[in-house]
Amino acid sequence: MSSASNDARYSLDEPLVGDPHLHNANGMSSDSVHMATLDEKKRIWWRNSVINFTFIALWFIFSTILSLYNKWMFSPDYFRFPSPLFVTTMHFFVQFALASLLRFVWPHKFRPTQNPTRADYGKKAVPTAVATGLDIGLSNLSLKTISLSFFTMVKSSSLIFVLLFAFIFRLEKFSLRLVAVIFLIFSGVLLMVATESHFVIHGFFLVLTASALGGFRWALTQLLLKDKKMGMDNPAATIYWLAPVMGITLAIVCVIIDDLSSLFHSEFFTGLKTLETILFLTMPGIVAFCMVMTEFHIIQRAGVVPMSIAGIAKEVTTISISAAVFGDSLTPLNIFGVGITVCGIALFTYHKYRKSLDSTVPLDAHGNPISIDQDADGMTMSHVELDETMRLTRGSDEFDGEDDETYQSRTLFSADADAEEIRSIRSSKLRWSPAADEHGPPAAPPGPPRVSKEDAPAWQHA
């Protein structure tokens, strides 16, 4: 480059609209980008709500089918299979096989170009998978010592842990209103399932630990689903990388808890009965795969806290239908708990609605939201993306925006990487698309340079 080019300086504070050399990540001119109006944000919210509700409805259907299967599979009046952990372990490996099949058949859709490094896989994916296996294993172990009603009451605390880890990993911005709504829902769930249950301290701590692991693993799952660099930014890819470790972890727990020697010498693995058992062990894994796919889609689109709220809504629906259709008895306290839970869910929905209307949403020329992201080559950012990044980081290296979707898409376990990336953005000041290089860099603006040549970023000396 010429010396004139080397001396060119840019500031993020200068208006860039109309510069023909600047393009956003989609290759469009910056002129076509605008901020969403209130009506446009309402339209986007309702569109997203319909899509999210569709995934939640599908998850509800698959989850209900799986619950009915479990009741049939383990009931002493039906199939009478003695090991729930072994069944779930088999389901994890079926999910891995199906995810592998999707990656092979439709690689352009389900096989990202990026793969996790060994270090990233060990530090980020393995803890998520191990936490999932331990959550399921400890939950099943606790049921050997406590009643189902007491288990449900304690397990409902997972909503608190989900919110806690969402705050820790900055998946949700801290809000006293949100905390109050979550505790209202938690209180309603306790009343909804309240019965006279015998307190068992050992079982209590097992369920509480499982609840904490549940909140931890869902938060980690959301972080993985937003990490394009690890190649887990679609649900099938996430299942592909997590399911084997989940299965191995749960298999270890199964060996410790269950007597597998007696199981394999039982009637279930004798003669032709073996084929029937294998069929009933593997086929529901397809349903489990569909259920987990919808779970991950919900987490990716809406977040881990809405996913947990959807789970509570499912419990409310199940209890209400059981009482109305099957005549299950509910005490006045249970009915009061159902009412409180429904009010809490409604308040949470309103909270998310108000938050979406108060946020700043850049739209492209077609009215679609623009995510603040870099191209795969790291060389293209629109002026709106840069301005929004500076709005969120000006005066601090921490993100404090009300609508923190950009931070969610870039955070993964460590704030150090984010701080380094922000410093990189600040130092480079401005990046233009490769299309601009065909004409040379834009002319330098009048006035003295803002930084010295010695302090200029390395790319300006190329």
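Residues of region 122-166: accessible area per residue at 1.4 Å, in Å²? All intermediate terms of the calculation are to be shown ahead of the outcome.
On the way: 1610 Å² over 45 residues.
Value for region 122-166: 36 Å² per residue.
Using 1/(1 + (r/R0)^6) with R0 = 45 angstrom and r between the beta carbons of HIS366 and LEU272, what's the FRET efficiency to the nearest 0.05?
0.15
Kindly write out, for region 353-369 in residue order, the coupling ³J(HN,Hα) from the Karplus curve 6.51 cos²θ - 1.76 cosθ + 1.60 (θ = phi - 60°), rounded to whole Hz, with x marking Gly and Pro.
Residue by residue, region 353-369 yields 5, 5, 5, 5, 6, 7, 7, 9, 10, x, 10, 8, 5, 9, x, 9, x Hz.
Mind putting a number on the dipole of region 57-199 about its Cα centre? Charges go on the C-beta only, +1 for Lys and Arg and -1 for Asp and Glu, and I need it in Debye to the nearest 20. Please report the intermediate quantities before stating the final value.
Working: 13 positive and 5 negative charges, 114 e Å.
For region 57-199, the charge dipole is close to 540 debye.
Rank these by accessible area, largest first, 1.4 Å probe: HIS297, HIS351. Working shown, then result.
Details: HIS297 50, HIS351 10 Å².
Heavy-atom accessible area, descending, gives HIS297, HIS351.
For the pairs LYS71/LYS226; LYS124/LYS155; LYS109/LYS352; LYS71/LYS173, flag any whose C-alpha to C-alpha distance is greater than 28 Å.
Details: LYS71/LYS226 35 Å; LYS124/LYS155 25 Å; LYS109/LYS352 30 Å; LYS71/LYS173 39 Å.
Result: LYS71/LYS226; LYS109/LYS352; LYS71/LYS173 exceed 28 Å.
Pull out a ≥ b ≥ c, the square roots of the eigenvalues of the alpha-carbon gyration tensor of region 78-191, then state rounded if a/c is under 1.5, prolate if not and a/b is larger than b/c, and oblate in the remaining case. Display every interim value, and only then the final one.
Numbers: a/c = 2.35, a/b = 1.21, b/c = 1.93.
Taking the square roots of the gyration eigenvalues as a ≥ b ≥ c, region 78-191 is oblate.
In nanometres, what is the gap between the two model label sites at VAL50 and PHE264, each 7 Å from Cα along Cα-to-Cβ?
In this crude label model, VAL50 to PHE264 measures out at 5.3 nm.
Measure off 7 Å from each Cα along the Cα-to-Cβ vector at HIS351 and THR209, then give the distance between these two points in nanometres to one decimal.
Computed distance between label sites HIS351 and THR209 equals 3.0 nm.
Where the centre of each part is set by its Cα atoms, how far does region 253-307 sit from region 146-216, in angstrom?
First find each Cα centre; the distance between them is then 25 Å.
I'd like the FRET efficiency for LYS229 and PHE104, computed as 1/(1 + (r/R0)^6) with the beta carbon distance as r and R0 of 25 Å, rounded to 0.05.
On the way: r = 23 Å, r/R0 = 0.91.
Efficiency computed from Cβ-Cβ geometry: 0.65.
Run the accessible area of region 183-270 with a 1.4 Å probe and give the carbon-and-sulfur part as a rounded percent. Don't jump to the answer; show the numbers that get you there.
Values: 2580 of 3690 Å².
Reported share for carbon and sulfur atoms: 70 percent.
Once all Cα-Cα distances of region 152-217 are split into 10 Å bins that start at 0, what whole-number percent is in each one?
Values per bin, smallest distances first: 21, 47, 27, 6.
Based on the Cβ-Cβ distance of LYS42 and PHE74, what FRET efficiency does E = 1/(1 + (r/R0)^6) give at R0 = 41 Å, to the nearest 0.05?
Values: r = 47 Å, r/R0 = 1.14.
Efficiency at R0 = 41 Å is approximately 0.30.
For region 171-252, what class follows from the C-alpha gyration tensor (a ≥ b ≥ c being the square roots of its eigenvalues): rounded when a/c is under 1.5, otherwise prolate if a/b is larger than b/c, else oblate? Numbers along the way, then the final one.
Values: a/c = 3.21, a/b = 1.41, b/c = 2.28.
Oblate, because a/c is 1.5 or more while a/b does not exceed b/c.
Full extension from LYS123 to ILE201: what is 0.36 nm times the residue separation minus their Cα-Cα distance, to one decimal in nm? Present the calculation step by step, with values, prior to reporting the outcome.
Numbers: separation 78, 0.36 × 78 = 28.08 nm, distance 3.29 nm.
Contour length minus Cα-Cα distance gives 24.8 nm.
The values are calculated or read from the model by the stated rules, or taken from the named source; none is laboratory data. For clarity, every value in this text was computed on a predicted model and none was experimentally measured. In this analysis, Cβ positions are derived from the backbone assuming ideal geometry, glycine residues included, and neighbour counts consider all displayed protein chains. For the accessible areas, the whole protein counts, side chains as well, though only heavy atoms, and no ligand, DNA or RNA atoms are used. Shrake-Rupley method; radii C 1.70, N 1.55, O 1.52, S 1.80 Å.
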